[in-house]
Amino acid sequence: MAKDILSTPKSFYKEFFRKPDADKTNTHYCPGCGHGVIHKLLAEAIEDFGIADRTIIISPVGCSVFAYYYFDTGNVQVAHGRAPAVATGLKRANPNSIVISYQGDGDLAAIGGNNILQAANRGENITVIFVNNAIYGMTGGQMAPTTLIGQKTTTTPYGRAAANEGYPIRICELLSALSGPVYLARGAITDPATIMKTRLAIRKAIKAQMDYKGFSLVEILSPCPSGWRMTPVEAKKWVKEQMVKIFPLGTFKDETKEREPIAYEKREYTKEEIKQALGLDKEAPHFSHSMDDVKPIWRNPKIKISGFGGQGVLLLGNTLAEAGMEQGYHVSWIPSYGPEMRGGTANCHVQISTSEIASPVVDHPSILVAMNLPSLDRFEDDVVPGGLIIYNTSLVTRAPKRTDIESIPIPATDIADKLGSLKVANMVVLGAIIEKTGIVTEEAAISALNTVVKHKKFIPLNIEAIKSGREYVRNL
Amino acid sequence: MPTKGYMEVDPNHCKGCGLCIEACPEDCIEFSSEINRLGYHPARYKGEGCIGCGFCFYTCPEPNAITVYKKGKEVA
Ligand SMILES: Cc1ncc(C[n+]2csc(CCOP(=O)(O)OP(=O)(O)O)c2C)c(N)n1
Ligand code: SF4
Ligand SMILES: [Mg+2]
C-alpha cells in the first residue's frame, strides 16, 4: 500500500533514549553514510510488515554498533563477527521471532567469516543485512576483506595489492555455492532506481524468513565518505563506478518459491512454562544447616584455593562445594587454570551461601588457601580485611604480610606425606577449614568424597587426612 | 502555482551531505546559507517544483530530516 506521506518510519524510536549525548533525534553516523539509508529501508520494511514486536535486531561491532539506539524492536549487541551464532540461538529458542543480523564487512567477512559461512550452510532461518563499505569504518579506515585492488586505506597506503593482501571477497558469490541459503542478493544505494531495488531485496529476504524458508542475506554496497576520504556525493559516485565493477548487483539465489517451509514447532511460551524453565515455580529450597554457629566473617564464604596443578586444588574446591550442597546451601565452583597439565598453576573459586549466588567469580576472597608460594604472592592482597589465609608451610616459605587478617600456617604436604600420599595435602587443608570455620561439617565433607573421588579405595585415606588437618588446627 | 508534491527538510536534522540535492530530478532542493545547530548548511526546499517522487527521502541517511508529501501539502 503506497503511502501519501514519506516520513520517519514508525519502527524507529521517536527519541533515541539510549543515546548518551544530548542530541537524541539525530543518528551518530557521518554525513552521507550508507548505514543511515539502510537503517531507514530496514525500519520501513519492519513497519510495513507489522513485525516490530517480534523482531530482534542484532547490532554488530563496527559503526553500526549502536543500531540499538534507533530500532524500536528487540535488540542485542554482540561480540565482533558473532552475530550469526547469536541469531541462531535467538531464532531456535523462539522460531516465531524475526531475527535480523546487521553486519559490516569487517565484522562479517573478516573476524566473523566462519560464523557466517556455517550459519548460511545450516540454512538458519535468519536474515542478514550485510553492509559492504569496503573498509573498517569505525576504527578509522583500515583494509577490509572487501577492499578493492588499488584502494588506499590506512593499512594499504599504496593501495591494496593482490600479491600482498589477496583479492576482494565476494560474499554473495561465495555463499551461493552452498545449499543452505534460500535468498542471496546484492544491492546498492546509489541512484533512486537502485535504492528501490535494494529496498525490495530487503523485503524479499525478511519475507523469506517470515515464511520459514531459511537463510537469507542482502549485501548492500554502502558509501563510507569518512573512511574513503571523499565527499558524500563523490563516495556515491565511487560505489557506482568502482565498487559495482567488482561486486556486481543482482540476485544470486532465490529459491523462495521452490522451498518448503521449515517445519518449526510454532509456539510461544506461557508465563508458567518460563517460570518452570527458570526453576521459579518451586518453593525456595530448605536449608538444613543454618550458618548461625559460624563466625559472621566466614558466613556465606567466598573462597579462593590456589596452588600448582596436581596439588588437588580443584578437587578440594569441588569437595567443599559438594559438602555445602549436601547441607542444602547454594554453592558455586569454578576452576581456572592454564593450558599446562601439571606444571602450571591452578585455582578455583568456591562460594557457599544461604542465598542465591549471582556470580560465581571470587575476586576478593574471605578465605584464601595458598598451597604454594606464588599463590600467596598473587592473592594475598585480594583477601578482605578480617579474612583468613590458610597456607601450606611445606611449600610457602614466608608468612602473610597482612596484619588485618587471620592466618593458619599448616605443613599440609608434610602431614600428607606421613599419611602415605602427597596427594592428600588438599584434604588436610579441608580438615583445617572445617576445624577453623565450621562452614561445612565433617560428615558432609565425607559424604561429598563419595561423589567427587573417582577411585573409592582412596576414600579412607582422604578421610584420615581430613581428620589429621582438624587435629593439627585444634592443637595450634 | 500549485505543485504536485511537497518536501520539507527539518533544518536541525540535516547534516548537509547534499545527497538529496543530487537525487532530486526536478532540481528543487538547495543548500541553505544558514548554519544549523550541528554546524552544517542544511538542505531546503526551493519552494516549488516537487513532484512527490520521494527520491530525496530514500537517499537521505537521517531518519528525521526529510518528509515528502506525495500529493502536495497546503502551505500558508
Ligand atoms: C574482537 C575485536 N577485534 C577487533 C576489534 C576492533 N574493531 C572494531 S570495529 C572493527 C571493524 C569494523 O568494520 P566493519 O565491520 O566493516 O564495520 P563498519 O564500521 O565499516 O561499518 C574492528 C576490527 C574489536 N572491537 N573487537
Ligand atoms: S566512518 Fe564510514 S561507516 Fe562509519 S559512520 Fe562514518 S561514513 Fe558511516
Ligand atoms: Mg565496513
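In segment A:226-319, which trypsin sites (Lys or Arg not before Pro) fall in coil by DSSP and have 10 or fewer other Cβ atoms within 10 Å? Within segment A:226-319, the qualifying trypsin sites (Lys or Arg not before Pro) (loop, at most 10 other Cβ atoms within 10 Å) are A:257, A:266, A:267, A:282.
Counting, for every residue in A:19-32, the Cβ atoms of other protein chains within 10 Å of its Cβ and taking the mean gives 4. Full extension of the chain between residue A:455 and residue A:233 gives 72.5 nm of extra length, using 0.36 nm per residue less the Cα-Cα distance.
Sorting B:4-13, A:361-370 by average packing, meaning the other beta carbons within 10 Å per residue, from highest down gives A:361-370, B:4-13.
Per residue, the solvent-accessible area of segment A:234-322 (1.4 Å probe, heavy atoms of protein chains only, all protein chains present) comes to 66 Å². The long axis of helix A:34-49 is offset from the longest Cα principal axis of chain A by roughly 90 degrees. A cysteine counts as unpartnered when no other cysteine's C-beta lies under 4.7 Å of its own; in chain B this applies to B:14, B:17, B:24, B:28, B:50, B:53, B:60.
Just the protein heavy atoms count here, and of the accessible area of chain B at 1.4 Å, carbon and sulfur take up 50 percent. Given the pairs A:10/A:213; A:207/B:73; A:3/A:271; A:282/A:302; A:14/B:4; A:257/B:15, which are separated by over 31 angstrom at their Cα positions? In this structure, A:207/B:73; A:3/A:271; A:257/B:15 exceed 31 Å between Cα atoms.
Accessible area lost on pairing A with B, both sides, 1.4 Å probe, Å² to nearest 100? Rounded to the nearest hundred, the buried surface is 2600 Å².
Residues in segment A:70-114 average 30 Å² of solvent-accessible surface per residue, probe 1.4 Å, ligands and nucleic acids excluded. Ligands, DNA and RNA left out, the accessible area of segment A:2-254 computed with a 1.4 Å probe is 56% carbon and sulfur. Between residue A:3 and residue A:359, the modelled label-to-label distance comes to 4.3 nm, taking each label 7 Å out from Cα in the direction of the beta carbon. Here the spin labels are modelled as points 7 Å beyond Cα on the Cα-Cβ line, and at residue A:93 and residue A:178 they lie 2.2 nm apart. Shown here for segment A:113-213: chymotrypsin sites (Phe, Trp or Tyr not before Pro) in loop regions (DSSP other than H, G, I, E, B) with at most 12 other Cβ atoms within 10 Å, namely A:158.
Under a model in which nothing but the beta-carbon of Lys, Arg (+1) and Asp, Glu (-1) is charged, the protein assembly as shown shows a dipole of about 920 debye around its Cα centre.
In this simple spin-label model, placing a label point 7 Å from the Cα along the Cα-to-Cβ direction at both residue A:241 and residue A:118 gives a separation of 4.3 nm. Using the Cβ-Cβ distance between residue A:292 and residue A:474 with R0 set to 25 Å, the FRET efficiency from 1/(1 + (r/R0)^6) comes to roughly 0.70.
About the centre of its Cα atoms, segment A:379-476 shows a dipole size close to 380 debye [charges on the beta carbon of Lys, Arg (+1) and Asp, Glu (-1) only; nearest 20 debye].
Give me the angle, in degrees from 0 to 90, between the Cα long axis of helix A:83-93 and the longest principal axis of the Cα atoms of chain A, rounded to the nearest 10. Roughly 80 degrees between the two axes. Among the residues of A:6-18, the average count of other protein chain beta-carbon atoms within 10 Å of the residue beta-carbon is 3. Judged by the ratio a/c of the largest to the smallest principal axis of the C-alpha gyration tensor, segment A:370-476 counts as prolate, that ratio being 1.5 or greater while a/b is larger than b/c. Each stretch of four or more DSSP H residues adds -39500 (n - 2.57); spread over every residue of chain A, this sum gives -9500 deg cm²/dmol at 222 nm. Computed about its Cα centre, the charge dipole of segment A:1-90 is approximately 200 debye, with only Lys, Arg, Asp and Glu carrying charge at their Cβ.
Other protein chain C-beta atoms within 10 Å of residue C-beta, averaged over B:8-17: 4.
Taking one quarter of the surface of the C-alpha convex hull of the protein assembly as shown gives a mean projected area of 35.0 nm².
Go ahead and collect, in residue order, the members of segment A:344-362 whose backbone nitrogen is under 20 Å from a label point 7 Å along the Cα-Cβ direction of residue A:283. Answer for segment A:344-362: A:354-356. Among the trypsin sites (Lys or Arg not before Pro) in segment A:435-469, those located in a DSSP loop and surrounded by at most 14 other Cβ atoms within 10 Å of their own Cβ are A:454. Distance from the C-alpha centroid of segment A:99-121 to that of segment A:9-42: 23 Å, rounded to the whole angstrom. Relative to the dominant Cα principal axis of chain A, helix A:442-452 is inclined by about 50°. Does segment A:1-141 come out rounded, prolate or oblate, given a ≥ b ≥ c as the square roots of the eigenvalues of its C-alpha gyration tensor, rounded meaning a/c under 1.5 and, failing that, prolate meaning a/b above b/c? Oblate, because a/c is 1.5 or more while a/b does not exceed b/c. A Förster radius of 45 Å, combined with the Cβ-Cβ distance separating residue A:162 from residue A:262, puts the computed FRET efficiency at roughly 0.65.
The values are calculated or read from the model by the stated rules, or taken from the named source; none is laboratory data. Worth saying up front: this structure is predicted, and the values here are computed from it rather than measured. We place every Cβ from the backbone using ideal geometry, glycine too, and count neighbours over all the protein chains shown. Ligands, DNA and RNA are excluded from the accessible area calculation, which covers all protein heavy atoms including side chains. Shrake-Rupley method; radii C 1.70, N 1.55, O 1.52, S 1.80 Å.
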